[in-house]
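Inspection log for the structure reproduced underneath, given as structure tokens.
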Amino acid sequence: MLKGKKVIAIGERDGVPGPVIAECLEGGGFEVVFQVTECFV
Amino acid sequence: MSNFARPVHIGIDGVFYSLAHVPQLVRFGSKPARELVDRPSLQDELNGSLRSFTDAVAYAAHQTFIGNLTPEALRACKAPWFENSIEGASEKGRFGDLVDQGSFYRLLAQADQFNLVSLDQQWLAGLSRGVSDGQRLQLRTSDQIAALIQKGALPLGSGKRMAGCFEPGHAEDVNLTADILLENLAAKATAAHALSSLMASLQMAPMDVDYVISCSEEAVGDRYNRGGGNLAKAIAEQAGCMNAAGTDVKSFCAGPMYAMVHGASLIQSGLCRNVAVVAGGSLAKLGMKFQSHLEKRMPILEDVLASFAVLLGPPKKNQPCLRLNSASFHRVGAASSPQGMAEGLAEAPLKKLGMKLTDVDRYAVELHNPEITVPSGSGDVPRTNYRTLAALAVMRGQLKKDQMEDFVRDRGMVGYAPTQGHIPSAVSYLGHALDALRAGRIKNSLFISKGSLFLGKMTQLSDGCSFLIENAEESWRSNVEG
């Protein structure tokens with residue numbers, strides 16, 4: 001069901017970093033087309 | 001026990017903070033400048049939501065920043081702070097000040113060695129405060145200022161008139177455009193003001209400063225050396241520290257903690273007797289959340305350039321000190337998750353000192369004012385950080401889960417620093433920490449800063465630096481010989 005689904009992963013400096021989200025999603029079969037970690041302050 | 005049990009102390013002689021209130025430079029902040037290109041009509045809305053200097057002075061968070069209110073007293077202030085001004089508030093604080101826009105323009109002009117800043121001579125003559133110095137200023141008529149703005153100089157507004165303008169430094173170099181140079185010179189001018197004020201408050205001659213480290217967030221340089229740096233030396237010169245050398249230490253918001261550790265190391269090594277750590281304000285961050293503030297019908301709260309200066313020197317018995325061998329750095333291979341950062345920057349340094357998380361009386365983290373960040377959805381940054389530390393203490397069995405809120409309240413504080421990147425990053429608490437240590441209200445404080453290296457697109461890494469401050473048990477002689 002997840003395989004091949006394209007996702008965008010946006011991480012946050014005080015939360016979960018983008019690469020970590022991406023790794024989890026890829027492990028679940030998603031295709032991460034863009035990931036980034038943002039700092040909102 | 002390890003050799004970390006024996007403290008290596010470097011004295012913290014004093015700190016001075018300054019807030020330059022520059023409402024008419026908010027439009028040059030990165031976010032407003034970009035939005036105004038798309039929607040020029042925003043300018044009127046923005047102008048209508050700017051604060052007066054009186055309101056900026058009476059703002060409880062600012063009064064806390066300059067030392068007239070303690071963080072504990074701020075917690076008791078009625079929110080929202082921007083609607084509940086502090087009666088009788090002063091622009092002069094216990095360890096800081098607020099500078100009005102006209103005075104800032106003069107500081108800017110005084111810091112300019114390349115005829116970038118022109119001030120309107122009529123405007124200057126009409127200033128009610130601080131026009132008596134003999135320093136060289138480039139004065140022009142209103143017509144001349146208008147003509148320069150027409151040719152591309154940035155307007156320096158004052159109410160409904162022009163106070164002056166800011167010209168580009170080079171016709172072709174994108175690193176020397178007026179907006180970049182204004183950002184750089186604003187950092188220099190505000191940092192130099194903080195350093196001069198610190199010298200005055202300590203009754204110390206600037207000529208006696210050995211070394212200046214700047215951890216400001218600007219990038220000084222031309223097309224061949226973008227970010228070449230050493231704003232520190234320019235700041236030292238402006239503050240009259242003619243016997244000082246200097247250099248910059250940068251790591252995004254973690255810069256100030258690293259700069260203090262580097263400065264302390266220069267003293268501990270015997271290379272310098274004293275080191276001033278300074279930082280100027282970040283023009284780019286003015287109005288960063290202005291859209292949320294407009295939507296919520298709030299005043300635009302990001303209207304100040306914040307700066308600080310700290311003087312490090314030999315330790316003195318029973319006086320506040322940086323415990324140099326408590327310093328901890330975020331390693332390349334370390335985790336960047338909140339838990340990983342807390343382990344590396346709080347647990348690790350305490351562990352090597354034989355201390356638990358609950359042995360720290362007060363944590364200084366990123367003290368962003370939540371009144372600025374919450375309306376934009378960025379959350380309450382200090383509270384998030386304190387809860388992470390409390391959760392780690394629970395995981396380690398040092399705290400019960402139902403004690404987490406007590407931990408957050410008693411060992412943390414409400415944020416009060418403007419969102420100026422490196423400035424809120426723990427160092428904002430230093431003035432209050434020195435007071436609390438001297439008065440015996442706390443026995444120590446752990447300073448923790450984090451840096452978002454990934455924003456520069458060179459690495460996915462984060463960064464961080466931390467250290468403990470406490471009163472020294474011994475003065476210098478026994479520290480180095482004993």
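Return yes or no: is B:M458 aliphatic (A, V, I, L, M), within 24 Å of B:A284 (Cα to Cα), in a loop (DSSP other than H, G, I, E, B) and more than 12 Å from chain A (Cβ to nearest Cβ)? Break it down into steps so the answer makes sense when it comes.
On the way: aliphatic (A, V, I, L, M): yes; within 24 Å of B:A284 (Cα to Cα): yes; in a loop (DSSP other than H, G, I, E, B): yes; more than 12 Å from chain A (Cβ to nearest Cβ): yes.
Here the answer is yes, as B:M458 does meet what is asked.
Out of the residues in the range B:426-455 that are within 11 Å of chain A (Cβ to nearest Cβ) and not polar (S, T, N, Q), state the one that is farthest from B:A194 (Cα to Cα). Let's see the steps before the verdict.
First pass over the range B:426-455, keeping only residues within 11 Å of chain A (Cβ to nearest Cβ): B:450-455.
Those still in the list that are not polar (S, T, N, Q) too: B:450-451, B:453-455.
Values: B:K450: 23, B:G451: 23, B:L453: 27, B:F454: 30, B:L455: 28 Å.
Taking the candidates together, the pick is B:F454.
Looking at the range B:235-257 only, could you name the residues that are buried (at least 23 other Cβ atoms within 10 Å of the Cβ) and assigned to a helix (DSSP H, G or I)?
Correct list: B:I235, B:A236, B:G255, B:P256, B:M257.
Against the conditions (1) buried (at least 18 other Cβ atoms within 10 Å of the Cβ); (2) at pLDDT below 95, where does B:G412 fall short? Just the number, please.
Among (1) buried (at least 18 other Cβ atoms within 10 Å of the Cβ); (2) at pLDDT below 95, the lone unmet condition for B:G412 is (2).
Among the helices (runs of 4 or more DSSP H) confined wholly to the range B:327-425, which include 3 or more residues that are more than 14 Å from every other protein chain (Cβ to nearest Cβ)?
Working: elements: B:338-342, B:348-352, B:370-373, B:381-395, B:404-411.
Helices (runs of 4 or more DSSP H) meeting the threshold: B:348-352, B:381-395, B:404-411.
How many residues are surrounded by fewer than 18 Cβ atoms within 10 Å (Cβ to Cβ) and under 30 Å from B:V8 (Cα atoms) if we restrict to the range B:286-315?
0
Given (1) closer than 22 Å to B:N175 by Cα; (2) in a helix (DSSP H, G or I); (3) among the polar types (S, T, N, Q), identify the lone condition not met by B:S265.
(1)
For the range B:21-58, what are the residues that are surrounded by 21 or more Cβ atoms within 10 Å (Cβ to Cβ) and either without any contact (Cβ under 8 Å) to a residue 60 or more places away in the chain or basic (K, R) (or both)?
Answer for the range B:21-58, where residues must be surrounded by 21 or more Cβ atoms within 10 Å (Cβ to Cβ) and either without any contact (Cβ under 8 Å) to a residue 60 or more places away in the chain or basic (K, R) (or both): B:R27, B:V57, B:A58.
Tell me whether the range B:443-457 contains one or more residues that are in contact with a Ser or Thr (Cβ under 8 Å, 6 or more places away or on another chain), surrounded by 22 or more Cβ atoms within 10 Å (Cβ to Cβ) and over 19 Å from B:A342 (Cβ atoms).
Taking every residue of the range B:443-457 in turn, none turns out to be in contact with a Ser or Thr (Cβ under 8 Å, 6 or more places away or on another chain), surrounded by 22 or more Cβ atoms within 10 Å (Cβ to Cβ) and over 19 Å from B:A342 (Cβ atoms).
Looking at the range B:107-222, what strands (runs of 3 or more DSSP E) fall wholly within it and have at least 1 residues that are of a type in the set (D, E, K, R)? Quick ask: steps written out before the conclusion?
Values: elements: B:117-120, B:154-158, B:161-166, B:211-214.
So the answer is B:117-120, B:161-166.
Those residues that are touching a Ser or Thr at 6+ places or on another chain (Cβ under 9 Å), in a helix (DSSP H, G or I), buried (at least 17 other Cβ atoms within 10 Å of the Cβ) and not polar (S, T, N, Q), I need them from the range B:73-106; list them, please.
Listed by number, the residues that qualify are B:L74, B:G102, B:F104, B:Y105.
From (1) within 21 Å of B:L305 (Cα to Cα); (2) modelled with pLDDT of 95 or more, pick out the condition that doesn't hold for B:R129.
Result: B:R129 passes all but (2).
Being under 25 Å from B:A417 (Cα atoms) and either of a type outside the set (D, E, K, R) or at pLDDT below 95 (or both): is that true of B:A264 here?
Details: under 25 Å from B:A417 (Cα atoms): yes; either of a type outside the set (D, E, K, R) or at pLDDT below 95 (or both): yes.
It is true that B:A264 is under 25 Å from B:A417 (Cα atoms) and either of a type outside the set (D, E, K, R) or at pLDDT below 95 (or both).
Which of (1) touching a helix residue (DSSP H, G or I) at 6+ places or on another chain (Cβ under 7 Å); (2) modelled with pLDDT of 95 or more; (3) not β-branched (V, I, T) is the odd one out, the single condition B:G397 does not satisfy?
It is condition (1) that B:G397 fails.
Which count do you get for residues in the range A:24-41 that are aromatic (F, W, Y) and either within 13 Å of another protein chain (Cβ to nearest Cβ) or in contact with a Leu (Cβ under 6 Å, 6 or more places away or on another chain) (or both)? Write out each step before concluding.
Taking the range A:24-41 first, the residues aromatic (F, W, Y) are A:30, A:34, A:40.
Imposing the further condition that a residue be either within 13 Å of another protein chain (Cβ to nearest Cβ) or in contact with a Leu (Cβ under 6 Å, 6 or more places away or on another chain) (or both) reduces the set to A:30, A:40.
The total comes to 2.
Out of all the residues in the range B:1-53, which are within 22 Å of B:M162 (Cα to Cα) and among the polar types (S, T, N, Q)?
Scanning the range B:1-53 gives B:Q24, B:S30, B:S41, B:Q43, B:N47, B:S49, B:S52.
Any idea which of (1) among the basic types (K, R); (2) modelled with pLDDT under 95; (3) surrounded by 15 or more Cβ atoms within 10 Å (Cβ to Cβ) is the one B:R136 doesn't satisfy?
In the conditions (1) among the basic types (K, R); (2) modelled with pLDDT under 95; (3) surrounded by 15 or more Cβ atoms within 10 Å (Cβ to Cβ), B:R136 misses (3) alone.
Given the residues A:I10, A:I21, which is the only one that is in a helix (DSSP H, G or I) and within 14 Å of chain B (Cβ to nearest Cβ)?
On the way: A:I10 fails: in a helix (DSSP H, G or I).
Matching residue, one of A:I10, A:I21: A:I21.
Checking the condition closer than 25 Å to B:N325 by Cβ and part of a loop (DSSP other than H, G, I, E, B), which residue from B:I448, B:I469, B:I442 passes? Even if it seems obvious, please write down each step before you answer.
On the way: B:I448 fails: part of a loop (DSSP other than H, G, I, E, B); B:I469 fails: part of a loop (DSSP other than H, G, I, E, B).
Going through B:I448, B:I469, B:I442 in turn, just one is closer than 25 Å to B:N325 by Cβ and part of a loop (DSSP other than H, G, I, E, B): B:I442.
With the requirement that a residue be closer than 14 Å to B:Y211 by Cβ and either in the same structural domain as B:K450 (by TED's automatic domain parsing) or under 13 Å from the mean Cα position of the chain (by Cα) (or both), what does the range B:249-259 give you? Break it down into steps so the answer makes sense when it comes.
Taking the range B:249-259 as the starting set, the residues that turn out to be closer than 14 Å to B:Y211 by Cβ are B:249, B:259.
Listed by number, the list holds a single entry, B:A259.
Is there a residue being under 22 Å from B:S307 (Cα atoms) and hydroxyl-bearing (S, T, Y) anywhere in the range B:457-476?
Yes, the range B:457-476 has at least one match.
The values are calculated or read from the model by the stated rules, or taken from the named source; none is laboratory data. These numbers were taken from a predicted model, which means no experiment stands behind them. Positions of Cβ are backbone-derived with ideal geometry, glycine not excepted, and every protein chain shown enters the neighbour counts.
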